[in-house]
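For reference, the structure discussed in these notes is given below.
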Amino acid sequence: MIKRKKCVAMLLAGGQGSRLMPLTDSVAKPAVPFGARYRIIDFPLSNCLNSGIDTVGVLTQYRPMELNDYLGMGEPWDLNRRFGGLHTLPPYMTGKRSDWFKGTANAIYQHISFIKNYDPEYVLILSGDHIYKMNYDLMLQEHIKNHADCTIAVIDVAKEEASRFGIMNTDERGRILEFEEKPAHPKSTQASMGVYIFTTDVLLKYLIEDEANPESSNDFGKDIIPKMLADNRRMFAYLYKGYWRDVGTLDSYWSANMDAICMDPSIKERLVLNDPGWKIYYRHLLNEPQYLGDHADVTGSILGSGCDIYGKVQHSVLFDNVTIEQGAWVKDSVILGGARIRKGAKVEYSIIAGDVEIGEDCTVGGSVESGKLSVVAMGIHVPDETKVEAGEIITAEAEEAEAEAEKKAEKKADKKAKKAAADAEAKAEK
């Protein structure tokens, strides 16, 4: 008889991440690099390992190839196991049809058979696009102690920010009385983290009923949670007090990377990537060591492996194989793998995507105080002496449109010059 698993994790990793464009042009949001050496998905996977959860289904959909390659058989997170381990779960296909995931609840519904295969007592549902370090086992113990049908992790946010989140209103014991999706006038500041623990038989019941409802949007926040509350199910909030960031926008992604640089011990809820007590595991790449030239000047920054630094780097995060040439200056920026900043170039308050080349004597971005983040998309070559304004986003489409506009302008100027020459020739003949 196959041994029953106590808890199985289902990690939702199929999101397109449209608000993170252009970083998600070619990869799913959970595969986006973070913190010089990691991917976003490394955080929930490492949390699973550190929490003793050894069976994880990763639900993929949008541009899954790079994410699937990165995950492999789950070795970096000790999830390459004969029974359990890591499994990538694409949208389900039958002999008659295949369906994209219609919502978060439908994504889990399509893989009920995976859950049933391990017959777990509890199911942990996670999002693949948050940066945090959390012990899920502590949350599970609270769920068991409360005899809960569902436990939802929450984090206390500032009152002025509460309207951006799904808000849980609870009694003094933490039992959820009401759920408000991005309320204009929130009654509390307990924001949902998108981390749920369900007692399995309850979860399966509501997933099956939700799928049978043609009016449902098949979403946990919009459909499953409100229905369970309406049925007076035992639902509790679990207050998490550590670092947590939703990196769903370019600004929040930049901010979270900057948080990784912060070494101020007086800040309680800071992101510590080198904590030996709660390691973040990742797939190692066989890159060369970093090299700092004679004139290199690096302060308050994180450098990935294989970086060659000859210029100045201040308060920035550089990923693997980035080159900063002599005389170049990078400040308050995130530079993704394989990018090259040529000599004399200045990059400030920007995100530079992978394999970008910033030409000599270019100026990219403005100061942090401007509040306008600049972004250069993957693979773009910015010509020498170009100025990229604060808040400007350079993409391949923008480059093509600019090139097309220049071509049209050249044709128009050429046509005008030919007409002027013809008129001058006709006038001379008269």
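Can you give the relative contact order of the chain as a percent, counting alpha carbon pairs under 8 Å and 6+ residues apart? Could you put the intermediate results ahead of the total?
Details: 944 pairs, mean separation 51.4, N = 430.
It comes to 12 percent, rounded to a whole number.
Relative contact order of segment 21-77: what whole-number percent is it, with Cα pairs under 8 angstrom and at least 6 residues apart? It would help to have the intermediate numbers written out before the result.
On the way: 33 pairs, mean separation 23.3, N = 57.
Relative contact order here is 41 percent.
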(message) Leaving out ligands and nucleic acids, and using a 1.4 Å probe, what accessible area per residue does the chain come to in Å²?
(response) 50
(request) Calculate, in nm to one decimal, what K279 and K116 gain on full extension: separation in residues at 0.36 nm each, minus their alpha carbon distance. (result) 55.6 nm
(request) Round to the nearest 10 and report in Å² the accessible area of Y62, as given by a 1.4 Å probe over the protein chains' heavy atoms. (result) 40
(message) Just want to confirm a number: the relative contact order over segment 177-282, from Cα pairs under 8 angstrom separated by 6+ residues, in percent.
(response) 17
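So if a site counts as exposed when it's one of the GluC sites (Glu not before Pro), its DSSP state isn't H, G, I, E or B, and it has at most 15 other Cβ atoms within 10 Å, what's the longest stretch of the chain without one?
No qualifying site falls inside 1-120, the longest such stretch.
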(message) For the chain, take the longest principal axis of its alpha carbons; what is the angle in degrees between that and the long axis of helix 200-212, to the nearest 10 within 0 to 90?
(response) 60
(message) At 7 Å along Cα-to-Cβ for each site, give me the label-to-label distance between L177 and E209 in nm.
(response) 2.3
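Below 11 angstrom from the Cβ of N117, what's the summed charge of the other residues (Lys, Arg +1; Asp, Glu -1)? Each step should come with its number before you reach the end.
Working: positive: R4, K5, K116; negative: D119.
Net charge around N117: +2.
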(message) Test of the criteria: in segment 223-259, which trypsin sites (Lys or Arg not before Pro) are in a DSSP loop and have at most 13 other Cβ atoms within 10 angstrom of their Cβ?
(response) K241
(message) Classify segment 327-381 from the C-alpha gyration tensor, please: rounded if a/c falls under 1.5, else prolate or oblate depending on whether a/b exceeds b/c.
(response) oblate
(message) If I ignore ligands, DNA and RNA and count only protein heavy atoms, how much of S216 is accessible to a 1.4 Å probe, in Å² to the nearest 10?
(response) 20
(request) For segment 123-224, run through the trypsin sites (Lys or Arg not before Pro) and keep only the ones in DSSP coil with at most 12 other Cβ atoms within 10 Å of their Cβ. (result) R173
(request) First measure r as the distance between the Cβ atoms of N80 and K387, then evaluate 1/(1 + (r/R0)^6) with R0 = 51 Å and state the FRET efficiency to the nearest 0.05. (result) 0.55
(request) Report, to the nearest 10°, how far helix 250-259 tilts away from the longest principal axis of the Cα atoms in the chain, using its own Cα long axis and a range of 0 to 90°. (result) 80
(message) Rounded, prolate or oblate for the chain? Axes are the square roots of the Cα gyration tensor eigenvalues, ordered a ≥ b ≥ c, and the cut-off for rounded is a/c under 1.5.
(response) prolate
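Please go through the residue pairs K182/K279; K343/K416; K312/K372; K102/K205 and name each one whose alpha carbons sit more than 28 Å apart in this structure. Mind showing how you got there, number by number?
Details: K182/K279 33 Å; K343/K416 39 Å; K312/K372 22 Å; K102/K205 18 Å.
As for pairs spanning more than 28 Å Cα to Cα, those are K182/K279; K343/K416.
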(request) Work out the length of the dipole vector of the chain about its Cα centre, built from +1 on the beta-carbon of each Lys and Arg and -1 on the beta-carbon of each Asp and Glu, and round it to the nearest 20 debye. (result) 920
(message) If you count only protein heavy atoms and use a 1.4 Å probe, how large is the accessible surface of F101, to the nearest 10 Å²?
(response) 30
(request) Using only the Cα atoms of segment 283-406, build the gyration tensor, take square roots of its eigenvalues as a ≥ b ≥ c, and label the shape rounded, prolate or oblate: rounded if a/c is under 1.5, else prolate if a/b is larger than b/c, else oblate. (result) prolate
(message) Helix-only mean residue ellipticity at 222 nm, the chain, DSSP H runs n ≥ 4 weighted -39,500 (n - 2.57), per residue, nearest 500. What is it?
(response) -7000 deg cm²/dmol
(message) With angles folded into 0 to 90 degrees, how steeply does helix 396-429 sit against the dominant principal axis of the chain? Use alpha carbons for both and round to 10.
(response) 20
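Explain nothing, just the number: dipole magnitude of segment 238-311 about its Cα centre with +1 on each Lys and Arg Cβ and -1 on each Asp and Glu Cβ, in debye rounded to the nearest 20. Show your work: numbers first, answer last.
Details: 6 positive and 10 negative charges, 93 e Å.
Using Cβ point charges on Lys, Arg, Asp and Glu, segment 238-311 gives about 440 debye.
Could you order T200, T299, T386 by accessible surface area, starting with the largest, using a probe radius of 1.4 Å? Mind showing how you got there, number by number?
On the way: T200 15, T299 65, T386 40 Å².
The ordering from most to least exposed comes out as T299, T386, T200.
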(request) Please get the size of the charge dipole for segment 187-313, origin at its Cα centre, with Cβ charges of +1 on Lys and Arg and -1 on Asp and Glu, quoted in debye to the nearest 20. (result) 520
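The values are calculated or read from the model by the stated rules, or taken from the named source; none is laboratory data. Small disclaimer: the values here were computed from a predicted structure and weren't measured. Glycine also receives a Cβ, built like all others from the backbone with ideal geometry; neighbour counts cover every protein chain displayed. Accessible surface is based on the protein model in full, side chains and every heavy atom, while ligands, DNA and RNA are left aside. Shrake-Rupley method; radii C 1.70, N 1.55, O 1.52, S 1.80 Å.
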